[in-house]
Amino acid sequence: MVKFVLRFLYFWKPILLVTFLLISTPILSQCPEESVYLNTQAKINQFVALYPNCTQIQAPYLLSIGHPNGNTNITDLSPLSQITSVSGHIEVFGNPNLTSLDGLQNMVFQPNSGLTIVNNIQLTSLQDAGSLASTNFSLSISNLPLLSDFSSLPNFSVLKSFSLYQTDSFSDLSGLENITSITGGISISENSGLTNLNGLQVDLSESPNNSRITIINNPILQTISGLLNSATGTFSIIVINNPNLNSLSGLEPIDQIQSLRIDNNDALQNLVGLEGVTECREFLLRDNEQMVDVSGFQQVAFTDLSFIDKFVVTNNPSLISLSGLTTGSAELKEVLIANNPLLENLDGLEGVSSVRYKLEVKENDALEHLDGLVNVSSFGRDLIIKNNPSLLHVDGLINCVFLRRSLIIQDNEALQNLNGLANIQNEILFTAQYLFDANPQLSDISGLANFNFTSLNAESELSFQGNTSLSSCAVESVCDFLASDSLAEITIMNNAPGCNSEPEVILECDLDINIISGEVRFDFNNDGCDITDLVAPNILIETTDGTNTYGAFTNAEGFYQNFVEADGSVTTSVAGGSLPPFYMATPATTTTVFSGFGNEEIVDFCLTASEDIDDVKITIVPITVARAGFNARYQLIYENLGTTIANGQVSLQFDTSRQNFVNATPNPTTVSGGLIEWDYATLQPFEIRTIDVTLFTQAPPVNQPDDELLLIAHVDPITNDVDIENNDATLKQLIVASYDPNDKQIVQGAEISEDEVGGYLDYIVRFQNTGNAEALQVIVTDTLHSNLDWGTVRPLSASHQYTTQIFNGNAVSFTFNDINLPPEVSDPVGSQGYVAFQVRTKNDLLVGDVIENTANIFFDANPPIITNTTATTVIDTTPPTAVCQTVLAVLDENGEVIVTADEVDGGSTDANGISDLEISQTDFNCSHVGENDIILTVTDTSGNQSTCTANVFVFDHTPPIFDSDTLPLDQVRQAESNGFYMLEDFTENLLVSDNCTDDLEVVQSPEIGSSLEPGVHFITLSSIDTATNDATYVFQLTVEEFLSATDFTLKNAITIYPNPASEKLFIVTSEGVSVENIRIYSVVGIQVKTTSEATLDISNFSEGIYFVKIKTNRGNITKKIVIE
């Protein structure tokens, strides 16, 4: 369904708007010179103040009233009534409370102006919508649910365009009778209540070319009758998704159409109403359920004036005829006729003379011929004819003489020949496809004789596949291609014998092919190979001409055959990777010189061993998927890669809590719980044997989708075995809920380790005939990934007899001829098959390298089934080297310290990089003082981990801290009458703390009670924590001499200020006291100044404590000062 949404003009300029409305400086012009957005009632009310003399909205500006989200409080438009002229555009959009357009009634709309009224859900009338001064006016109406007609609309008679969108309350267009002419387009879209267009009957005679009439998504619209009185010019008509529209009557005046689109109109049966059309440039007729024919639109001349022209007729299930459609001689740009199941022919296209680009005819079940294209002479690009099951021939193209690019003819079940292409001369200028596939009745391709395939480039394709009746492909164009040096590849397969492979066609073309064949044996008795020696199956023989390499495996009888597309000198050898160790081939190489083609050379090889070697190998492959509640089948493949006859035992272990043994072929020697054993004897060198095992996978809840099953296979003996690693094979299989029966699996799974690089990967491709008829041939193709060692590929086993071919090392094909695989509906088990093979990875793969592989499965003539893509990634399983170092950690003032992994890491390394370091403990406190052991865990980029132990020594170097608020400052004390001062206890109220020690002792020196003589003394307070960190505080205690009454009087008679001082120091004495001499001493007793002046300059003194000794007529006195 195509849905067109009407776009309304609305531009956001919120920043500009705010600035515009808040500015207080004088307005430079009376009317706005830009678009104005009024989304609140306040802004509408301010319009007059901002534009006091404005009467017009000039082009190209917009006056927008409201907001698209409908979040406005606008109810009154009367402040806009001063506007009398509009040459721009008025938009009334999203005002949920607006009931009237009062305020717009004075607006006169000028040429090229417009009015849009949208989403005003309370609006009850359009009567104040203004008036017209000209005819060039656009009107758009949408979502006015309280209006059911246009009777309140002003007398608008001539419009430029008219749009009606989402007006669900309208059943017709009553009220528009005054509109007599529209000079542009009409759009009527998404009006859920509209049943007809009564009320609108207009003249389109003055419309410009390519005006549009759009009628879209009107669910109950039944008729558009009477829409047009007259029309002149070229129109685009778009009628889409009107399910009840039963006629196009109403469009009769139109005679020229630029584009006609009729889509998804379920009730429309024909094109009646378009009888007046004589010329059309684009025609699209799509998805019209009841469209029977194109009556009403006939004898139309399709012009080619535009590069976008298309002719499309698709998905019209009732369409039976295009008869009478075209006239004249028209070149169409692009033609698509698809999925019209009742369309029997293309009659009606006789007026088509050429197709500039592409013609595609597909999926038209009843189409029998193409005779309606009889006048087509050329295709400028592609011709595609696909999946037309009733098409018998292409004779209708017999007059076509030119094709520029691709030709694809596929899946046409009844097509018998290509004779209608006999006159085409193709030109190849670009990459092209020539695909002739899956046409089961096609027996004659002689119509391709004149084609040129030799110019195809390397990216082009040429294919003949799945044409089961086609036994001869040796037409001139194909033979010329095979004989050329074209870089393109040709695919020939799954056709009838004679055209079933490229070598077959080469032989029929009498072209360039020679054959190298022979047998390979193992000289078991070391007396030279003869008929009594063992044959060597699954040995890859390669023949190369220096450019291409052709490979084939020996079959069960040791025979091989290589088809070589070369003459002259070729070299044949046993692929080195195909031989087990200790074997060598004689001759090492053989050179054959062919003279011409059609020759066959016999080249045999004799294998010998340098010594006696024991080496048995086992592989396990899943023949079916594992599903909970169903049987799962597995195959054990064991083989003798040694040079001696082997005897031993094969075993399989499985989890009995998930699976139960059902049966096996051959029967086991013993079955004990989850262990099954088989004895074997006389396993010859190069011999391969298989064991088929069926296990029942228990139903839920025991097993659930994505649970993993583990199976381990083992082969003895391992004594003297030169490679015991290949004596075991492990399968990890996920349980699935649903699955594709045609798939590809890898036993090793999605990951292999670095240690497994260079080893074998075991693949199995499983297939099932899900069709309804027996499959005569199955071909499995596989292009080996570049990360694989192509020369080591080895077939392991298969469900049926097959042959294997390899081209240029990596293009492997397994062909099951005469397989007669029954369909699943008649034989669910017998309809299945598989092929298993293995190949080594390259030895130089690195972590992160990915090996991807996808198989193609061909059932007879059908297109290939492309399997899932297996992806195996080389992963890092080697843990990193963890190196630790000793860490010295010092506690902070809070008694804490954090140690990081980087500090502990002493240089850990990993070949692929380290992603994470983690330690077992990061936080340490006072309780950890001393030696601590922690673990460093090192993780590499692949998630591998290793650890080491590190010593962390925690130290406390933080001394105690005295509380400064409780510390004694410098003190002055008076000696007693005995001339001494007894030292008091300054620790009593002293507070001290430590990061680790709780109960701290403070020691005072000199000791408490000591007798101090007059003078300056230094008192030391100290405290030591448990880590022997100590804190010391020293303050000065001045002991003054004992003062007699006279001394006391003198002391009070002398004042020194300011104290502290910085620039000047003043000494003031009481009456009767005179200063004779003043000496100033530093705290250490050095005299720094002497004077007799009462005002002292101390600006050059250093900061600190000083003592002033004053000599007076009444005696001497000493005082302490502080200089800052």
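The values are calculated or read from the model by the stated rules, or taken from the named source; none is laboratory data. The structure presented is a predicted model; accordingly, all values stated were derived computationally and were not measured. FYI the Cβ positions are ideal-geometry reconstructions off the backbone, even for glycines, and counts take in every protein chain you see.
Observations, loosely collected:
- One residue stands out in the stretch 336-365 among those that are small (Gly, Ala, Ser) and in a strand (DSSP E or B): the one that is farthest from the chain's Cα centre (by Cα), namely Ser353.
- Thr804 vs. criteria outside the structural domain of Ala626 (by TED's automatic domain parsing), in a strand (DSSP E or B) and more than 30 Å from Asp679 (Cα to Cα): yes
- Single residue of Gly1085, Gly1104 found to be within 17 Å of Pro1014 (Cα to Cα) and loosely packed, with under 13 Cβ neighbours inside 10 Å: Gly1085
- Cβ pairs under 8 Å, 6+ apart, first in the stretch 845-861 and assigned to a strand (DSSP E or B), second of a type in the set (Phe, Trp, Tyr): Asn853/Tyr763; Ile857/Phe767; Phe859/Phe767
- Apart from one condition, Asn817 fits all of (1) surrounded by 22 or more Cβ atoms within 10 Å (Cβ to Cβ); (2) at pLDDT below 90; (3) not small (Gly, Ala, Ser); the exception is (1).
- Among the candidates Ile398, Ile384, Ile424, residue that is among the β-branched types (Val, Ile, Thr) and under 44 Å from the mean Cα position of the chain (by Cα): Ile384
- Of all residues in the stretch 1049-1071, none are closer than 30 Å to Leu1000 by Cβ and surrounded by 13 or more Cβ atoms within 10 Å (Cβ to Cβ).
- Only one of the listed residues (Glu360, Glu350) is at pLDDT 95 or above and farther than 14 Å from Cys280 by Cα. That residue is Glu360.
- Residues in the stretch 552-589 that are more than 15 Å from Asn514 (Cβ to Cβ) and part of a strand (DSSP E or B): Phe553, Phe559, Ser573, Val574, Tyr583, Met584, Ala585, Thr586, Thr589.
- When residues of the stretch 929-956 are limited to those that are among the small types (Gly, Ala, Ser) and assigned to a strand (DSSP E or B), the one nearest to the chain's Cα centre (by Cα): Ser946
- Residue count, the stretch 590-603 (criterion: surrounded by 16 or more Cβ atoms within 10 Å (Cβ to Cβ) and assigned to a loop (DSSP other than H, G, I, E, B)): 2
- Qualifying positions in the stretch 960-1005 - in a loop (DSSP other than H, G, I, E, B), among the polar types (S, T, N, Q) and either more than 60 Å from the chain's Cα centre (by Cα) or exposed (fewer than 15 other Cβ atoms within 10 Å of the Cβ) (or both): Ser964, Thr966, Ser977, Asn978, Thr987, Asn989, Thr997
- Cβ-Cβ distances below 7 Å connect the following pairs, each with a first residue in the stretch 724-747 that is without any contact (Cβ under 8 Å) to a residue 60 or more places away in the chain, a second residue that is in a strand (DSSP E or B), and a separation of six or more residues or different chains: Lys732/Glu708; Lys732/Leu710.
- Condition check for Asp309: in a loop (DSSP other than H, G, I, E, B), at negative phi and surrounded by fewer than 21 Cβ atoms within 10 Å (Cβ to Cβ): no
- Candidates are the residues of the stretch 272-282 that are surrounded by fewer than 24 Cβ atoms within 10 Å (Cβ to Cβ) and not small (Gly, Ala, Ser); the one that is modelled with the highest pLDDT is Val272.
- Residue check for Ala882: surrounded by 13 or more Cβ atoms within 10 Å (Cβ to Cβ), of a type in the set (A, V, I, L, M), in contact (Cβ under 8 Å) with a residue 60 or more places away in the chain and within 30 Å of Leu784 (Cβ to Cβ): no
- Annotation for the stretch 86-100: at least one member residue is touching a strand residue (DSSP E or B) at 6+ places or on another chain (Cβ under 9 Å), touching a residue at least 40 places away in the same chain (Cβ under 8 Å), aromatic (Phe, Trp, Tyr) and surrounded by 15 or more Cβ atoms within 10 Å (Cβ to Cβ).
- When the stretch 1037-1070 is limited to residues that are modelled with pLDDT of 80 or more and in a loop (DSSP other than H, G, I, E, B), the one that is farthest from the chain's Cα centre (by Cα) turns out to be Ser1070.
- Near pairs, Cβ below 6 angstrom, 6+ apart or cross-chain, from the stretch 24-49 (within 15 Å of Thr75 (Cα to Cα)) to any residue that is modelled with pLDDT under 90 and not in a helix (DSSP H, G or I): Asn39/His67
- The single residue among Val662, Val625 that is crowded, with 21+ Cβ neighbours inside 10 Å, of a type in the set (Val, Ile, Thr) and either out of contact with any Gly (no Cβ under 9 Å at 6 or more places or on another chain) or under 30 Å from Glu565 (Cα atoms) (or both) turns out to be Val625.
- The residue of the stretch 228-248 that is surrounded by the most Cβ atoms within 10 Å (Cβ to Cβ), among those that are within 42 Å of the chain's Cα centre (by Cα) and not hydroxyl-bearing (Ser, Thr, Tyr), is Asn242.
- Residue tally, condition among the polar types (S, T, N, Q), under 22 Å from Val780 (Cα atoms) and in a loop (DSSP other than H, G, I, E, B), over the stretch 483-509: 4
- Qualifying residue in the stretch 789-807 (condition: without any contact (Cβ under 8 Å) to a residue 12 or more places away in the chain and surrounded by fewer than 20 Cβ atoms within 10 Å (Cβ to Cβ)): no
- Failed condition for Leu392, given (1) touching a His at 6+ places or on another chain (Cβ under 8 Å); (2) in a helix (DSSP H, G or I): (2)
Matching residues to (1) buried (at least 21 other Cβ atoms within 10 Å of the Cβ); (2) of a type in the set (Val, Ile, Thr); (3) in a loop (DSSP other than H, G, I, E, B):
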residue	(1), (2), (3)
Phe170	yes, no, yes
Leu173	yes, no, yes
Asn178	no, no, yes
Leu194	yes, no, yes
Leu200	yes, no, yes
Ser207	yes, no, yes
Ile213	yes, yes, no
Gly226	no, no, yes
Gly250	no, no, yes
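- Those residues of the stretch 708-721 which are crowded, with 16+ Cβ neighbours inside 10 Å and not in a strand (DSSP E or B), in sequence order: Asp716
- Ser318 meets each of the listed conditions (1) in a loop (DSSP other than H, G, I, E, B); (2) within 23 Å of Gln410 (Cβ to Cβ); (3) out of contact with any Phe, Trp or Tyr (no Cβ under 9 Å at 6 or more places or on another chain) apart from (2).
- Counted residues, the stretch 662-684 - those being touching a residue at least 12 places away in the same chain (Cβ under 8 Å) and either part of a strand (DSSP E or B) or under 22 Å from Leu709 (Cα atoms) (or both): 15
- Within the stretch 737-747, the set of residues being modelled with pLDDT of 90 or more and either touching a Pro at 6+ places or on another chain (Cβ under 9 Å) or outside any strand (DSSP E or B) (or both) comprises Asn742, Gln745, Val747.
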